[in-house]
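Student: First, the structure itself, so that you have it in front of you.
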Amino acid sequence: MDYHASAPSFGGSLLSEIAVNLPEKFVAPLVLAFVSEANDGPTRKASVLACAAIAEGCPKSLRKVLPQLVKATNEAIASADDALCQEAGVFAVAPLCEFLKPEIELHVTAFMEQLVPLLSNPSERLRKMAAQSVECACISSGPTISDIVPELLPALVSTLPTCSQEGQASVCRAIAAVGEAAPDAFRPFGEDVLKLLMQPLADSKVGWELKASAIEAAGVTATCIGADRFAPFFDFYVNQAISGMTGDHSELNEDCFTFCANIVPTLGHKLTPYIPRIIEAVRNSIQNDTASYDNMHPLKDTSPFSMDGNGEEDGPDEEGHSTSMGADANGTASAPSDIHMKVSLSELHEKKAAVYLLGSIAFCLRCSFGEYA
């Protein structure tokens with residue numbers, strides 16, 4: 001989650017690097033002294049951001065003053081008359097929850113009570129930031145949020161249609177985080193969530209980021225409510241997932257593979273008519289070579305017309321990737337170790353999800369899978 005791309009964010013990044021790389025005793029006392037002296041809006045904002053910045057590098061020191069730190073953060077979130085201070089407080093929730101576990105779990109409900117009203121704030125920026133902080137708090141705290149779910153989830157559901165696509169994606173991820181953290185408390189809201197998530201998935205104008213977040217939230221919801229209650233929504237969501245598997249965006253493909261893998265154990269028998277399309281999408285993902293290859297041989301550029309081992313001129317192929325294998329001083333093609341392969345992490349995760357789906361189908365639907373073995 002990014003704060004303003006300005007001096008505060010650059011200063012926070014620098015402070016975070018200092019805290020991570022220097023002994024805690026040199027950093028934490030200075031920051032905590034600044035926090036204790038904060039008595040107006042600008043210094044409160046700065047002190048909260050500073051504590052968030054050093055949370056990763058100075059967790060021991062911050063845990064010792066956690067109640068005071070939580071109080072300062074909640075006071076910043078409640079500063080409705082100071083938008084920047086309020087945003088700083090909302091922003092600080094995520095790093096505090098991430099790096100001050102498990103002690104922070106005792107205070108997550110207090111954070112949530114401050115964040116829930118912000119989900120209906122007139123400022124979409126603030127609604128989006130609140131949803132992102134809710135997501136981080138849920139991931140960090142687990143079932144401890146159960147008591148606040150009856151208030152939190154309706155607020156997320158209500159704010160979803162009011163946001164831009166980017167904001168809706170944040171809200172969908174928050175909904176998924178709530179379901180994973182507190183499935184029992186989430187369960188009564190399952191059908192309402194699924195009905196709402198159908199809207200962005202059915203809209204052809206919606207971008208892939210929102211579709212990926214929505215299909216992820218739908219998968220979590222399906223797991224929470226069980227096979228019987230998810231059955232009326234099954235065909236719609238499976239068709240959406242299969243369509244998403246064949247797109248050009250690795251993140252969306254990964255979420256669609258994961259969605260199908262998660263419902264195989266409980267609803268696998270209903271997947272049988274869709275198996276050929278799913279297997280085809282999985283094969284295409286696994287077999288699609290999305291890597292880029294760089295020739296790192298030190299002599300590859302010694303000649304303006306270097307030739308590869310097949311007598312073909314080096315240069316980019318039709319897709320713009322380098323096809324040069326390089327040549328040594330004798331004109332011999334360079335060794336394979338001189339060719340460096342690069343694969344993006346998102347594409348690697350996509351293929352991993354595809355393989356996992358394939359394994360889930362093979363294990364749970366042995367008879368239906370037999371012809372593809």
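Student: At what distance in angstrom do the alpha carbon centres of region 26-94 and region 109-162 lie from each other?
Tutor: Cα centroid to Cα centroid, the span is 20 Å.
Student: Related question: Can you figure out the FRET efficiency of Arg229 with Lys352, using R₀ = 30 Å and their beta-carbon distance, to the nearest 0.05? Walk me through the numbers before you get to the answer.
Tutor: Values: r = 29 Å, r/R0 = 0.98.
The formula returns an efficiency of 0.55 here.
Student: For a Förster distance of 25 Å, can you work out the FRET efficiency between the beta-carbons of Glu191 and Glu151, rounded to the nearest 0.05?
Tutor: Numbers: r = 19 Å, r/R0 = 0.75.
The value I calculate is 0.85.
Student: Now for a different question. Cα gyration tensor of region 212-256, axes a ≥ b ≥ c as square roots of the eigenvalues: rounded (a/c below 1.5), prolate (a/b > b/c) or oblate?
Tutor: On the way: a/c = 3.63, a/b = 1.84, b/c = 1.97.
In terms of gyration-tensor shape, oblate.
Student: Under the Karplus relation 6.51 cos²θ - 1.76 cosθ + 1.60, θ = phi - 60°, what is the ordered set of whole-Hz ³J(HN,Hα) values for region 42-47, x standing for Gly and Pro?
Tutor: Once rounded to whole Hz, the list reads x, 6, 5, 4, 5, 5.
Student: At 1.4 Å probe size, with no ligands or nucleic acids counted, give the accessible surface of Arg63 in Å², nearest ten.
Tutor: For Arg63, the solvent-accessible surface is approximately 70 Å².
Student: Ordering Asp184, Asp203 by how much accessible area each has at a 1.4 Å probe, largest first, what is the list? Mind showing how you got there, number by number?
Tutor: Details: Asp184 110, Asp203 65 Å².
From most accessible down to least: Asp184, Asp203.
Student: Residue-wise, which Karplus ³J(HN,Hα) couplings in Hz belong to region 270-278, taking 6.51 cos²θ - 1.76 cosθ + 1.60, θ = phi - 60°, and x for glycine or proline?
Tutor: 7, 7, 3, x, 9, 4, x, 5, 5
Student: On alpha carbon coordinates alone, what is the Rg over Rh value for region 140-217, Rh being the Kirkwood radius?
Tutor: Values: Rg = 12.1 Å, Rh = 12.5 Å.
That ratio is 0.97, to two decimals.
Student: How big is Rg to Rh over region 71-133, alpha-carbon atoms, Rh as the Kirkwood inverse-mean-distance radius? Could the numbers behind the result be given before it?
Tutor: Details: Rg = 10.9 Å, Rh = 11.5 Å.
Ratio of gyration radius to Kirkwood radius for region 71-133: 0.95.
Student: Continuing with the same structure: Which three semi-axes in whole Å describe the equivalent ellipsoid of region 156-280, each the square root of 5 times a Cα gyration tensor eigenvalue, listed largest first? It would help to have the intermediate numbers written out before the result.
Tutor: Numbers: eigenvalues 87, 68, 26 Å².
Semi-axes from the Cα gyration tensor: 21, 18, 11 Å.
Student: Here's something else I'd like to know. What are the ³J(HN,Hα) couplings of region 137-145, residue after residue, when phi is run through the Karplus curve with 6.51, -1.76, 1.60 and θ = phi - 60°? Round to Hz, x for glycine and proline.
Tutor: With coefficients 6.51, -1.76 and 1.60, one gets 5, 5, 4, 7, 9, x, x, 5, 8 Hz.
Student: Multiply the residue separation of Val206 and Ala110 by 0.36 nm, subtract the distance between their alpha-carbon atoms, and state the gained length in nm to one decimal. Could the numbers behind the result be given before it?
Tutor: Values: separation 96, 0.36 × 96 = 34.56 nm, distance 3.48 nm.
That pair, Val206 and Ala110, stretches by 31.1 nm at full extension.
Student: Local charge sum around Asn74 (other residues, Cβ-Cβ under 15 Å, Lys/Arg +1, Asp/Glu -1)?
Tutor: Details: positive: Arg44, Lys45, Lys71; negative: Glu75, Asp82, Glu87, Glu113.
Overall, the nearby charge balance is -1.
Student: If DNA, RNA and ligands are ignored and the probe is 1.4 Å, what is the ranking of Phe91, Phe26, Phe186 by accessible area, most exposed first?
Tutor: Numbers: Phe91 40, Phe26 125, Phe186 0 Å².
Largest accessible area first, the residues go Phe26, Phe91, Phe186.
Student: Please compare each pair in Lys195/Lys351; Lys60/Lys101; Lys205/Lys352; Lys64/Lys101; Lys64/Lys128; Lys45/Lys71 to a cut-off of 19 Å on the Cα-Cα distance and tell me which ones are over it. Could you put the intermediate results ahead of the total?
Tutor: Working: Lys195/Lys351 30 Å; Lys60/Lys101 11 Å; Lys205/Lys352 28 Å; Lys64/Lys101 13 Å; Lys64/Lys128 31 Å; Lys45/Lys71 13 Å.
Result: Lys195/Lys351; Lys205/Lys352; Lys64/Lys128 exceed 19 Å.
Student: Round to the nearest 0.05 the FRET efficiency obtained for Gln165 and Glu103 when R0 = 35 Å and r is the Cβ-Cβ distance. Working shown, then result.
Tutor: Details: r = 36 Å, r/R0 = 1.04.
Using R0 = 35 Å, I get an efficiency of 0.45.
The values are calculated or read from the model by the stated rules, or taken from the named source; none is laboratory data. On a predicted model such as this, the values are computed, not experimentally measured, just so you know. Neighbour counts are summed over all protein chains in view; Cβ atoms, including those assigned to glycine, are modelled from backbone coordinates with ideal geometry. Just the protein is used for accessible areas: all its heavy atoms, side chains included, with ligands, DNA and RNA removed. Shrake-Rupley method; radii C 1.70, N 1.55, O 1.52, S 1.80 Å.
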